[in-house]
Structures are given as C-alpha cells and as structure tokens.
Amino acid sequence: MRCPRCNTENDNRTVCSKCGYFLYRANEQNRKKMTKSQRAAEDAKTVGKRAGRIFKIVWIIVTIIVLSAWLVLGMVALTGLLGK
Ligand SMILES: [Zn+2]
C-alpha cells in the first residue's frame, strides 16, 4: 500500500514506515469495495458469533435446570425409599 502523504510503499503496514501516517483510511476504502454478498457474509459472521454466545448461555441455563430437576427427583426417590 502506498502512503497518500509521502508516497512511500508500505506493503501491509497500517502505519507508514517513513512519515507515520495511518493507512487505516485506505483499508476502509478497500472495505467499501466489498460486494454486497461479502458484506452479508461478514454480518452473518458477527451475528453468528452473537447467536453462539446467546446459545451458550441458554445451554448453561438448560443444563442447570435439568441437573437441578434430576437432583430433586433423586431426593424425592431417596426420601420415598427411606420413608418405606
Ligand atoms: Zn508516509
């Protein structure tokens, strides 16, 4: 990537090696060149990450409920056996 300020060639650097100019803006321009399908894929990735996080939390809650239900059932069974 060529620095827009001093015209120095900086391969994949984010900051110019000569003048320290941030080359992030050029990266943003590259991002805008992404096609709609590519952008949709990127959005799906971030949504997927969020969904995965929510799914994890839901999974933990379900596991806790199931485990506590099993514990309660076990306790009921034990007290029933002891009561006999
Ligand atoms: Zn520069």
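In this label model, residue 46 and residue 1 are separated by 1.8 nm, measuring between points 7 Å along each Cα→Cβ vector. The phi-based Karplus calculation (6.51 cos²θ - 1.76 cosθ + 1.60; θ = phi - 60°) puts the 3J(HN,Hα) values of region 36-43 at 4, 5, 5, 5, 4, 5, 5, 4 Hz, whole numbers, x for Gly and Pro. For residue 10, the residues 5 or more places off, or on other chains, whose built amide H falls under 5 Å of its own are 2, 3. With protein chains left intact and a 1.4 Å probe, residues in the chain average 92 Å² of accessible area per residue. Ranking 59, 70 from most to least accessible surface, computed with a 1.4 Å probe over the protein chains only, gives 70, 59. Normalised by 2.2 N^0.38 Å, where N counts its residues, the alpha-carbon radius of gyration of the chain equals 2.38.
Kirkwood Rh over Cα pairs of region 37-83 into Stokes-Einstein at 4 °C, 1.567 mPa s: D in µm²/s? Let's see the in-between values first.
On the way: Rh = 13.5 Å.
It diffuses with D of about 96 µm²/s by this estimate.
Give me the percent relative contact order of the chain, please, defined on Cα pairs under 8 angstrom at least 6 residues apart.
Details: 33 pairs, mean separation 9.7, N = 84.
With pairs under 8 Å counted, the relative contact order is 12 percent.
The portion of the accessible surface of the chain made up by carbon and sulfur, rounded to a whole percent, is 64 (1.4 Å probe; DNA, RNA and ligands excluded). Subtracting the Cα-Cα distance of residue 76 and residue 22 from 0.36 nm times their residue separation leaves 12.7 nm of extension gain.
Placing a pseudo-label 7 Å from each Cα along the Cα-to-Cβ vector at residue 62 and residue 12 gives an inter-label distance of 3.9 nm.
The values are calculated or read from the model by the stated rules, or taken from the named source; none is laboratory data. Being a predicted model, the structure only gives us computed values, none of them experimental. So basically every Cβ, Gly included, is an ideal-geometry build from the backbone, and we count neighbours across all protein chains shown. Ligands, DNA and RNA are excluded from the accessible area calculation, which covers all protein heavy atoms including side chains. Shrake-Rupley method; radii C 1.70, N 1.55, O 1.52, S 1.80 Å.
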